[in-house]
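Remarks on the structure that follows.
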Amino acid sequence: MSEPARPDGACALVTGASRGIGAAIARALAADGWPVAVNYRSDAAGAAATAAAIESAGGRAVIFQADVAEPQGPARLVDAVHAELGQISVLVNNAGVRADGLALSLSDDDWQRVLDTNLHATYRLTRAVLREMIRARFGRVINIASVVGPRANAGQANYAASKAAVIGFTKTAAVEVARRGVTINAVAPGLIATDMTEDIPTVLAERVPAQRAGTPEEVAAAVAFLASERASYITGSTLYVDGGLSA
Ligand code: NAP
């Protein structure tokens with residue numbers, strides 16, 4: 001039994017696509033022919049730059065402002081994308097934040113904000129798109145996790161808890177829909193040069209076997225592969241894009 005092809009006229013939704021890894025993922029999916037819903041929370045200029053880059057390369061992009069950490073944010077975002085771009089066949093849960101501190105002193109707010117953005121939004125968005133993917137017998141959910149979570153990183157207990165949970169969620173949700181032509185995978189980046197890691201000392205790159213930080217485009221290439229028809233038999237897995245850091 002072969003995997004059905006991706007439906008005509010369907011689109012990809014990338015959360016947190018105003019900069020960094022999300023912007024690179026949006027550009028890579030557009031280059032693969034997907035009309036892309038570019039979500040952002042506060043950086044309207046960044047989202048406009050992502051959409052402009054896609055359009056100047058001949059692709060299609062529509063911008064959607066939404067705070068995915070709000071309980072109603074994911075459902076509203078999915079409704080808005082349906083109304084303007086149609087059926088969502090690829091969902092990339094990329095929006096993420098960190099709010100570091102030692103476990104003994106993390107505030108409830110910093111705990112909650114990181115879990116709401118990195119984990120709860122991932123679940124709510126996935127829930128909001130799965131039915132239509134199952135109906136179409138084609139769907140790709142790609143959750144951006146991290147090397148932090150499966151392994152420790154002092155000062156990031158909230159972030160690590162959220163990303164480890166994203167991997168656990170990915171595995172179980174994947175087996176629940178595996179018969180339906182829908183795959184759910186995680187991509188776990190290591191140290192990637194973006195705004196999020198701007199304050200991290202460059203000396204840390206020396207701990208990476210590849211001896212350098214990765215680029216957003218190197219993460220996007222893995223996401224584009226998992227979103228493609230070629231990745232139809234890969235589900236419930238975590239693909240590390242980390243220059244060997246977790247090896
Ligand atoms: P970044 O440069 O800080 O960008 C984060 C993006 O997420 C921005 O577009 C931001 O939107 C968006 N965002 C944050 N909260 C949001 C919310 N509540 N609703 C909607 N969008 C929201 O981060 P990055 O380095 O590209 O990271 C992207 C993903 O990769 C995250 O999940 C991160 O945890 C993961 N990751 C990154 C690294 C790394 O080394 N950089 C390593 C492992 C994993 P606005 O700017 O519009 O607010």
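Of the accessible area of the chain, with the probe set at 1.4 angstrom, what percent is carbon plus sulfur?
Percent of accessible area from carbon and sulfur atoms in the chain: 52.
Using a Förster radius of 41 Å, what is the FRET efficiency between Arg113 and Arg180 based on their Cβ-Cβ separation? Nearest 0.05, please. If you can, show how the numbers build up before the last one.
Working: r = 33 Å, r/R0 = 0.82.
Computed FRET efficiency for Arg113 and Arg180: 0.75.
Using 0.36 nm per residue, how much length does the chain from Glu217 to Arg131 gain when fully extended, once their Cα-Cα distance is taken away? Spell out each step's value before the answer.
Details: separation 86, 0.36 × 86 = 30.96 nm, distance 3.02 nm.
This chain segment gains 27.9 nm when fully extended.
Take peptides 82-88, 164-170 and line them up by average Cβ neighbours within 10 Å, highest first, as a rough protection proxy. Let's see the in-between values first.
On the way: 82-88: 16.7, 164-170: 19.3.
By packing density, highest mean first, the sequence is 164-170, 82-88.
Quick check on the chain: take the gyration tensor over C-alpha atoms, sort the square-rooted eigenvalues as a ≥ b ≥ c, and tell me if it's rounded (a/c under 1.5), prolate or oblate.
Values: a/c = 1.43, a/b = 1.38, b/c = 1.03.
Rounded, because the longest to shortest axis ratio a/c is under 1.5.
In whole angstrom, how far apart do the alpha carbon centroids of segment 159-217 and segment 63-104 sit?
Measuring centre to centre over Cα atoms gives 17 Å.
Calculated from DSSP H runs of 4 or more alone, at -39500 (n - 2.57) each and per residue, what is the 222 nm mean residue ellipticity of the chain, nearest 500?
-12500 deg cm²/dmol
Assign unit charges at the C-beta atoms only (+1 for Lys and Arg, -1 for Asp and Glu), then state the dipole size of the chain relative to its Cα centre in Debye, rounded to the nearest 20.
Charge dipole of the chain: 800 debye, to the nearest 20.
Of the options Gln112, Ala205, Gly236, report the single residue whose Cα projects farthest towards the positive end of the charge dipole of the chain (beta-carbon charges: Lys, Arg +1; Asp, Glu -1).
Toward the positive end, the furthest listed residue is Gly236.
Would you mind getting the accessible area per residue of the chain, heavy atoms of the protein chains only, 1.4 Å probe, in Å²?
I get 46 Å² per residue for the chain.
Would you please give the residues with an amide H less than 5 Å from that of Thr238, counting only those at least 5 places away or on a separate chain, with H modeled from the backbone geometry?
Under 5 Å from the amide H of Thr238: Ala186.
The values are calculated or read from the model by the stated rules, or taken from the named source; none is laboratory data. As the structure is a prediction and not an experimental result, all values here were calculated from the model. All Cβ positions, glycine included, derive from the backbone under ideal geometry; neighbour counts span all protein chains shown. Side chains are part of the model used for accessible areas, which takes the heavy atoms of the whole protein and leaves out ligands, DNA and RNA. Shrake-Rupley method; radii C 1.70, N 1.55, O 1.52, S 1.80 Å.
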